[in-house]
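The values are calculated or read from the model by the stated rules, or taken from the named source; none is laboratory data. This is a predicted model, so every value here is computed, not measured. Counting neighbours? That spans all protein chains shown, and the Cβs are built from the backbone with ideal geometry, glycine included.
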Amino acid sequence: MTSTASTPTTSAAPTAPTASAASSASAGAVPHDRADGGPVPGQDGLARCPWAAGHPLNRQYHDTEWGLAVRGEQALFERVTLEAFQAGLSWLTILAKRPAFRAAFDGFDPLKVAAYTDADVSRLMADAGIVRNRSKIQATVRNAAAVLALRAQGGLDELIWSHRPVTTPVPRTVAEVPTSTPGSKALARELRGRGFSFVGPTTAYALMEAIGMVDTHLVGCHRRGTSGVHS
């Protein structure tokens, strides 16, 4: 999941101690990067998940936002959108561009985004502040319409959180953190069935991690157990 991190409940949401991982961390490895390794102690004496040990934006996101419970339609629409844009890119790229994304997409108000026209798509494709991927931009507009359609059926919040698993992982190394689960496959399947795009099982699991549905902070990380959802 910054340049401007908001509290997770109101915000509009995925490297190891090896030479290659250390290089990735310093360049801004993303929460969804997977490599062997346990928590990494920082200069402040706090142990963190390896992906958060390098770049300060990743560290801030990890320490103040990632894994905390996110509720509410608009906040979750933002997270779904940003996770979709992250596919194929580093999460650090998305964090750095998040303020521009919020400005470009009207704060992720689904009512406004669902009304976007081809002119808006062209405007977004010309906006260097965001990730200019036409397929993902068009999918975001469709996803906004899908969010509105869900209002008559309980809403996006209810749909996503209905897939909260009974138990959460207890990983000691990043290698033990899954990239997808039966639960994330079910969530992705239901979202796609409701008209959403760019929501595969891996993206869905990254969303579940980011919004606190599961706690994949490593055992020994100082943020482990802080979600308020799982201990």
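Summary table below
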| item | result |
| --- | --- |
| Qualifying positions in segment 105-122 - assigned to a helix (DSSP H, G or I) and more than 16 Å from Ser135 (Cα to Cα) | Asp106, Gly107, Phe108, Pro110, Leu111, Lys112 |
| Residues being over 16 Å from Val80 (Cα atoms) and either of a type in the set (Phe, Trp, Tyr) or part of a helix (DSSP H, G or I) (or both) - total across segment 123-139 | 4 |
| Cβ-Cβ under 9 Å pairs, at least 6 apart or on other chains, segment 199-223 side on the phi > 0 side of the Ramachandran plot, far side at pLDDT 95 or above and β-branched (Val, Ile, Thr) | Gly212/Val70 |
| Segment 70-104: number of residues that are outside any helix (DSSP H, G or I) and at pLDDT 95 or above | 3 |
| The lone exception for Gln60 - which of (1) of a type outside the set (Ser, Thr, Tyr); (2) surrounded by 18 or more Cβ atoms within 10 Å (Cβ to Cβ); (3) at pLDDT 50 or above; (4) not in a loop (DSSP other than H, G, I, E, B) it fails | (2) |
